[in-house]
Amino acid sequence: ICILNNKHTKNCFRKENDYILSMIGYAVGLGNIWRFPYLAYKNGGGAFLIPYFTMLVVVGIPLFFLESALGQFCSQGPINAWKAVPILQGVGIAAVVVTLVVSIYYNVIICYSLYYMFASMQSPLPWSDCFSWADSSCSNISAVFCNESSVLTANFTQGNNTCASSNMSVSVQSPSEQYWDRVALQRSSSLDETGPVVWHLALCLLLSSLLVAAALIRGIKSSGKVVYFTATFPYVVILILLVRGLTLEGAKDGIEFYIGSQSNLTKLTEAEVWKDAATQTFYSLSIGWGGLVTLSSYNNFHNNVFKDTFAVTLTNAGTSVLAGFAIFSILGHMAHVYNIPVENVVKQGFGLAFIAYPDALSKLPISPLWSILFFVMLLTVGLDSQFAGIEVLTTCLVDAFPKYFKSKRAIVTVATCSVLYLLGLPCVTRAGIYWVTLIDQFVATWVLLFLVLLEIIGVAFIYGGNRFIKDIEMMLGKKSFAFWLWWRACWFCISPCIILVILGWSIATFSPPTYGQVQYPGWGLALGWAMVAFVVIWIPFVAVYNLTKARGSPWERLKSLCSPSEEWHPYLDIHRGERYSEERCHNNKDYRNHQEVDVNVISSSWL
């Protein structure tokens with residue numbers, strides 16, 4: 001508890017470092033490890049850093065600062081924070097629903113990391129060769145792979161390192177690929193074939209839930225201590241893997257393909273490159289999920305959130321670049337061992353984390369050690385992001401029902417983790433990977449862009465960007481015209497325009513998701529769109545509900561819901577000052593009652 005008065009108590013991070021490490025742990029996710037390096041390679045290597053850092057400055061940092069400042073000012077979760085703009089309170093609920101759904105499959109990815117970490121505790125590594133679990137198409141031949149036609153499957157080659165003729169080629173899979181499909185996932189042929197629960201994944205999922213619950217059992221008091229390990233250990237592993245990778249033959253080739261002399265500046269003329277840079281910046285900073293608002297709500301009111309924003313966002317960007325060097329140095333060695341071009345071993349997502357990179361690590365001396373380090377790193381990165389996701393859910397529950405849950409936070413945390421475990425069981429069946437991909441493609445993509453666009457409209461245009469800047473000045477205690485001019489330019493024009501273009505592009509180019517070559521059945525796609533509808537429907541539903549509860553003419557109702565509610569102010573009286581004094585609130589309330597306009601919005605009793 002950082003501040004206590006006769007009316008309120010407010011939990012806060014004990015030290016500023018607790019907050020910064022929590023934010024770094026939340027923002028630095030698996031996408032920094034398995035998506036950014038691939039995008040850099042795909043979009044011109046080192047040239048990709050130009051659009052990436054440009055988008056970081058004009059979109060990433062301004063929106064990160066907006067959400068962080070919003071949470072710190074009101075010291076409330078992502079739902080109650082929208083008391084600033086009651087008509088858009090559904091945006092906060094939608095963000096929480098997204099976090100709920102994504103937390104289900106993120107927990108599953110953590111369980112994958114746990115399973116591979118345990119599987120690495122043996123020598124040789126179980127995916128280093130075609131063992132008893134493999135079928136006849138498994139091959140570990142170090143030869144030239146040619147005519148690669150898909151992400152994971154290549155054609156067999158003759159012993160003289162020349163490609164076989166097309167009518168003699170045989171499709172083969174690497175041991176790491178078959179281990180992923182046949183042992184780890186026990187993957188079925190499609191979403192239609194659900195199959196039984198894969199018991200070892202179910203146990204790892206349970207362990208993942210227990211780890212998260214234990215770390216959050218006392219809220220930020222306990223998680224603030226855990227992040228000192230989980231947020232810093234990944235950097236230790238990345239540096240170890242980088243040093244090891246740079247000493248291997250072929251590492252130079254991998255680095256050249258990642259960000260070296262192979263950089264292609266002509267790629268900067270392609271719109272797709274700028275779109276990839278913007279989306280990577282957007283998603284890697286976890287904007288729009290509610291986690292930034294939630295974690296910032298536990299700050300001291302006068303914390304320098306501006307300084308923290310730059311510390312976290314630049315650390316996030318640096319992590320992405322650094323991880324790319326560690327990844328590509330070892331992939332370059334793998335290409336050298338197989339005597340194939342680097343581009344033939346480059347993957348992204350699950351293909352990089354659980355197939356290509358484990359395969360490369362299996363070729364190193366003392367391979368179990370390197371494999372354990374890599375998967376412990378993935379585990380800690382995943383746990384940090386999951387901590388914030390669960391904190392969003394529990395904070396919203398406590399804010400909604402303080403009478404019942406404020407003194408029982410441990411029970412709320414355990415119950416939340418238990419529910420997420422049960423909801424995650426379909427994702428550890430034999431068709432589990434299809435469920436994970438379905439959720440990721442439908443819920444965690446353009447839906448978030450839509451929510452953030454509404455967030456900017458709500459804060460900058462309805463609540464008022466100038467009013468919000470005055471709120472920030474109350475917290476920071478200083479003004480800077482040039483500084484605030486830049487925020488105004490981004491919030492009012494640059495950021496919303498860029499997001500609008502990307503959103504339109506994403507919708508226009510949307511195609512049904514697939515997993516490898518496996519197509520989804522019609523009912524699966526319908527379920528995906530149903531999840532999208534379940535997220536978005538809260539926005540008009542809550543707006544209509546609040547309008548029907550308000551009094552007065554339609555225009556008076558709309559006007560009242562576009563103004564901050566009486567409960568919108570800094571959490572503690574000591575921080576409210578003249579602008580948010582209780583006397584001002586009472587006078588304003590009396591005036592509104594005189595106008596017969598009820599400004600009630602969704603309250604904790606309704607939630």
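Only one residue in 335, 388, 400 is more than 25 Å from residue 516 (Cα to Cα) and over 23 Å from the mean Cα position of the chain (by Cα), so which one is that? Result of the check over 335, 388, 400: 400. For region 50-74, taking the residues that are polar (S, T, N, Q) and buried (at least 24 other Cβ atoms within 10 Å of the Cβ), the one that is farthest from the chain's Cα centre (by Cα) is identified as 72. Every condition in (1) assigned to a helix (DSSP H, G or I); (2) modelled with pLDDT of 90 or more is met by residue 222 except one, and the failing one is (2). Any chance region 48-62 includes a residue that's out of contact with any His (no Cβ under 7 Å at 6 or more places or on another chain), small (Gly, Ala, Ser), in a helix (DSSP H, G or I) and closer than 16 Å to residue 319 by Cβ? The answer is yes, given that some residue of region 48-62 is out of contact with any His (no Cβ under 7 Å at 6 or more places or on another chain), small (Gly, Ala, Ser), in a helix (DSSP H, G or I) and closer than 16 Å to residue 319 by Cβ. Of the residues in region 567-576, at least one is at pLDDT below 90, in contact with a Gly (Cβ under 9 Å, 6 or more places away or on another chain) and in a loop (DSSP other than H, G, I, E, B).
Do we find that residue 292 is crowded, with 24+ Cβ neighbours inside 10 Å and either touching a helix residue (DSSP H, G or I) at 6+ places or on another chain (Cβ under 9 Å) or assigned to a helix (DSSP H, G or I) (or both) in this structure? In short, yes. For region 308-409, the helices (runs of 4 or more DSSP H) that sit wholly inside it and include 1 or more residues that are in contact with a Phe, Trp or Tyr (Cβ under 7 Å, 6 or more places away or on another chain) are 357-361, 367-400.
Look at (1) surrounded by fewer than 23 Cβ atoms within 10 Å (Cβ to Cβ); (2) modelled with pLDDT under 90 and you find that residue 284 fails only one, number (1). Within region 494-542, the residues that satisfy the criterion of being of a type in the set (A, V, I, L, M, F, W, C), under 13 Å from residue 435 (Cα atoms) and touching a Phe, Trp or Tyr at 6+ places or on another chain (Cβ under 9 Å) are 518, 525, 527, 531.
Check region 203-220 and report whether any residue there is out of contact with any Asp or Glu (no Cβ under 7 Å at 6 or more places or on another chain), without any contact (Cβ under 8 Å) to a residue 60 or more places away in the chain and small (Gly, Ala, Ser). Checked against the condition, which is being out of contact with any Asp or Glu (no Cβ under 7 Å at 6 or more places or on another chain), without any contact (Cβ under 8 Å) to a residue 60 or more places away in the chain and small (Gly, Ala, Ser), region 203-220 yields at least one hit. Among the residues of region 448-471, those that are of a type in the set (Val, Ile, Thr) and surrounded by fewer than 20 Cβ atoms within 10 Å (Cβ to Cβ) comprise 457, 462, 469.
Mind checking which residues of region 181-221 are surrounded by 16 or more Cβ atoms within 10 Å (Cβ to Cβ), farther than 21 Å from residue 355 by Cα and not aliphatic (A, V, I, L, M)? Those that are surrounded by 16 or more Cβ atoms within 10 Å (Cβ to Cβ), farther than 21 Å from residue 355 by Cα and not aliphatic (A, V, I, L, M): 208, 209, 219, 221.
Within region 510-546, being under 22 Å from the mean Cα position of the chain (by Cα) and not aliphatic (A, V, I, L, M) holds for 510, 511, 512, 513, 514, 515, 528, 529, 534, 538. For residue 534, indicate whether it is within 26 Å of residue 421 (Cβ to Cβ), in contact (Cβ under 8 Å) with a residue 24 or more places away in the chain and surrounded by fewer than 16 Cβ atoms within 10 Å (Cβ to Cβ). In short, yes. Is it the case that region 479-502 has a residue that's under 24 Å from residue 571 (Cα atoms) and either buried (at least 16 other Cβ atoms within 10 Å of the Cβ) or of a type outside the set (A, V, I, L, M, F, W, C) (or both)? Checked region 479-502: at least one residue is under 24 Å from residue 571 (Cα atoms) and either buried (at least 16 other Cβ atoms within 10 Å of the Cβ) or of a type outside the set (A, V, I, L, M, F, W, C) (or both). In region 545-562, of all residues being touching a residue at least 12 places away in the same chain (Cβ under 8 Å) and of a type in the set (S, T, N, Q), the one that is surrounded by the most Cβ atoms within 10 Å (Cβ to Cβ) corresponds to 546. Among the residues of this structure, residue 81 does not count as one that is of a type in the set (A, V, I, L, M), surrounded by 24 or more Cβ atoms within 10 Å (Cβ to Cβ), assigned to a helix (DSSP H, G or I) and out of contact with any Gly (no Cβ under 8 Å at 6 or more places or on another chain). Looking across region 514-531, the residues that are of a type in the set (Phe, Trp, Tyr) and loosely packed, with under 13 Cβ neighbours inside 10 Å come down to 523, 529. When residue 26 is tested against (1) modelled with pLDDT under 85; (2) aromatic (Phe, Trp, Tyr); (3) touching a Gly at 6+ places or on another chain (Cβ under 7 Å); (4) not in a loop (DSSP other than H, G, I, E, B), exactly one condition is not met: (1).
A residue that is among the basic types (Lys, Arg), surrounded by 14 or more Cβ atoms within 10 Å (Cβ to Cβ) and not in a helix (DSSP H, G or I) can be found somewhere in region 424-440. Checking region 410-417 against the condition returns no match, with no residue being under 17 Å from residue 295 (Cα atoms), crowded, with 16+ Cβ neighbours inside 10 Å and modelled with pLDDT under 90.
Those residues that are out of contact with any helix residue (DSSP H, G or I) (no Cβ under 6 Å at 6 or more places or on another chain) and either crowded, with 24+ Cβ neighbours inside 10 Å or not in a helix (DSSP H, G or I) (or both), I need them from region 29-47; list them, please. Across region 29-47, the qualifying residue is only 35.
The values are calculated or read from the model by the stated rules, or taken from the named source; none is laboratory data. Everything quoted here is computed from the prediction, not taken from an experiment. Backbone-built Cβ (ideal geometry, glycine too); neighbour counts: all protein chains shown.
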